[in-house]
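Student: Structure in structure tokens, see below.
The values are calculated or read from the model by the stated rules, or taken from the named source; none is laboratory data. This structure is a prediction, so every number in the text was calculated from the model and none was measured. Cβ placement follows ideal geometry from the backbone for every residue including glycine, while neighbour counts extend to all protein chains displayed. Accessible surface is based on the protein model in full, side chains and every heavy atom, while ligands, DNA and RNA are left aside. Shrake-Rupley method; radii C 1.70, N 1.55, O 1.52, S 1.80 Å.
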Amino acid sequence: MIKINACIFDLDGVIVDTAKYHYLAWKRLANELGFDFSENDNEQLKGVSRMTSLDILLGIGNLTFSHEEKLKLSDKKNQWYVEYILKMTPDEILPGVVDFINSLRDNNIKTALASASKNAMTILKQIDMENYFDIIIDGTKVTKAKPNPEVFLKSALELGVESKYCIVFEDAVAGIQAAINAEMHNVGVGTPTVLTKANYVISSFEGLNIETLKLNFFK
Ligand code: BG6
Ligand code: MG
């Protein structure tokens, strides 16, 4: 069986379903700009940075703006998004997440939170999880967005664990690609038809612990 020394978690869509709040805020912006934005379109935005998300959104609407205008648009979206996340409570932690992380601690496996979001600390505070991870690398600490592996490599470095002993948990296509680029094992959280490049895909953490994960997936 392979050795696992660290588990690295994405936040949005893995620990909490903030992907739905990102979607609602982007959709509101798209509608205000005069075009529609579907949940299917939203898959392209998962895991990528705020400004890249805006570029993809504007591409869908076939619109062009100056850099200044784009900063205003992304600020507007972020204000709407922050309104949603400031209402979050620990009830919104996805099923099985806390038990799974506790099972890692019991097995002396290190944990990291690795998110592209600049709002990660706000979310972790809202859900009372800011002290759950050995280290946190968020969007304020990286410059290169997923699929660039920077956020995962930085996490592994701070944890003092080699890439080959890490498992990344990710809900985004760009995030799975970032884990592959970091040469880490990865588990997709979502649907196999979307996360086609993931080593394995789970629909939720419910009932999962590190031993069953290693036995079933990483023999
Ligand atoms: C990622 C989300 O975690 O963070 C993306 O999956 C989002 O959808 C990105 O664009 C940046 O988030 P924020 O909160 O800094 O706008
Ligand atoms: Mg995500």
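Student: Where residues in region 66-86 are without any contact (Cβ under 8 Å) to a residue 12 or more places away in the chain and either of a type in the set (A, V, I, L, M, F, W, C) or not in a helix (DSSP H, G or I) (or both), which of them is farthest from ligand 2 (Cβ to nearest atom)? Break it down stepwise before answering.
Tutor: Filtering region 66-86 for residues without any contact (Cβ under 8 Å) to a residue 12 or more places away in the chain gives 66-69, 71-72, 75, 79, 83.
From the residues that got through so far, the ones that are either of a type in the set (A, V, I, L, M, F, W, C) or not in a helix (DSSP H, G or I) (or both) too are 66, 71.
Working: Ser66: 29, Leu71: 23 Å.
It comes out as Ser66.
Student: Here are the criteria: (1) surrounded by fewer than 17 Cβ atoms within 10 Å (Cβ to Cβ); (2) part of a loop (DSSP other than H, G, I, E, B). Tell me which single one Leu215 does not satisfy.
Tutor: Here Leu215 meets the rest and fails (2).
Student: Follow-up. Taking region 103-130 as the search range and keeping residues that are surrounded by 15 or more Cβ atoms within 10 Å (Cβ to Cβ) and over 16 Å from the mean Cα position of the chain (by Cα), which one is nearest to ligand 2 (Cβ to nearest atom)?
Tutor: Looking at residues that are surrounded by 15 or more Cβ atoms within 10 Å (Cβ to Cβ) and over 16 Å from the mean Cα position of the chain (by Cα), I get Gln126.
Student: Any residue in region 162-173 that is among the charged types (D, E, K, R) and within 20 Å of Asp99 (Cβ to Cβ)? Show your work before the answer.
Tutor: As a first pass, look at region 162-173 and keep what is among the charged types (D, E, K, R): 162, 164, 170-171.
Still in the running and within 20 Å of Asp99 (Cβ to Cβ): 170-171.
Yes: one or more hits.
Student: Report whether or not Asn42 is within 15 Å of ligand 1 (Cβ to nearest atom), open to solvent by less than 30 Å² (accessible area, probe 1.4 Å), among the polar types (S, T, N, Q) and farther than 22 Å from Thr140 by Cα. Break it down into steps so the answer makes sense when it comes.
Tutor: Numbers: within 15 Å of ligand 1 (Cβ to nearest atom): yes; open to solvent by less than 30 Å² (accessible area, probe 1.4 Å): yes; among the polar types (S, T, N, Q): yes; farther than 22 Å from Thr140 by Cα: yes.
Judged against the criteria, Asn42 is a match.
Student: Please enumerate the residues belonging to region 45-56 that are hydrophobic (A, V, I, L, M, F, W, C) and either open to solvent by 40 Å² or more (accessible area, probe 1.4 Å) or on the phi > 0 side of the Ramachandran plot (or both).
Tutor: Pass one, region 45-56, residues hydrophobic (A, V, I, L, M, F, W, C): 45, 48, 51, 54, 56.
Within region 45-56, Met51, Ile56 meet the criteria.
Student: Right, next: What pairs come out if I take residues in region 6-28 that are closer than 13 Å to Ile101 by Cβ and in contact (Cβ under 8 Å) with a residue 40 or more places away in the chain and pair them with residues that are of a type in the set (Asp, Glu) and crowded, with 24+ Cβ neighbours inside 10 Å whose C-beta lies under 9 Å away, six or more apart or interchain?
Tutor: Ile8/Glu170; Phe9/Glu170; Val14/Glu170; Val14/Asp171
Student: Among the listed residues Thr196, Thr191, identify the single one that is open to solvent by 70 Å² or more (accessible area, probe 1.4 Å), more than 12 Å from ligand 2 (Cβ to nearest atom) and at pLDDT below 95.
Tutor: Testing whether each residue is open to solvent by 70 Å² or more (accessible area, probe 1.4 Å), more than 12 Å from ligand 2 (Cβ to nearest atom) and at pLDDT below 95 leaves just Thr191.
Student: If you take the residues of region 131-140 that are out of contact with any Asp or Glu (no Cβ under 9 Å at 6 or more places or on another chain) and open to solvent by 70 Å² or more (accessible area, probe 1.4 Å), which of them is farthest from ligand 2 (Cβ to nearest atom)?
Tutor: Start the filter on region 131-140 by keeping residues that are out of contact with any Asp or Glu (no Cβ under 9 Å at 6 or more places or on another chain), which leaves 131-133, 138-140.
Restricting the remaining residues to those that are open to solvent by 70 Å² or more (accessible area, probe 1.4 Å) gives 131, 140.
On the way: Asn131: 21, Thr140: 17 Å.
Among those that are out of contact with any Asp or Glu (no Cβ under 9 Å at 6 or more places or on another chain) and open to solvent by 70 Å² or more (accessible area, probe 1.4 Å), it is Asn131.
Student: Kindly indicate which of Ser155, Ser204 is surrounded by fewer than 19 Cβ atoms within 10 Å (Cβ to Cβ) and within 15 Å of ligand 2 (Cβ to nearest atom).
Tutor: Result of the check over Ser155, Ser204: Ser204.
Student: Given the criterion open to solvent by 10 Å² or more (accessible area, probe 1.4 Å) and either farther than 23 Å from Phe205 by Cβ or out of contact with any Pro (no Cβ under 8 Å at 6 or more places or on another chain) (or both), identify the matching residue among Phe9, Phe100, Phe35.
Tutor: Phe35
Student: Quick one: Leu63 ticks every box in (1) part of a helix (DSSP H, G or I); (2) farther than 30 Å from Lys214 by Cβ; (3) touching a residue at least 12 places away in the same chain (Cβ under 8 Å) bar one, so which box is it?
Tutor: (1)
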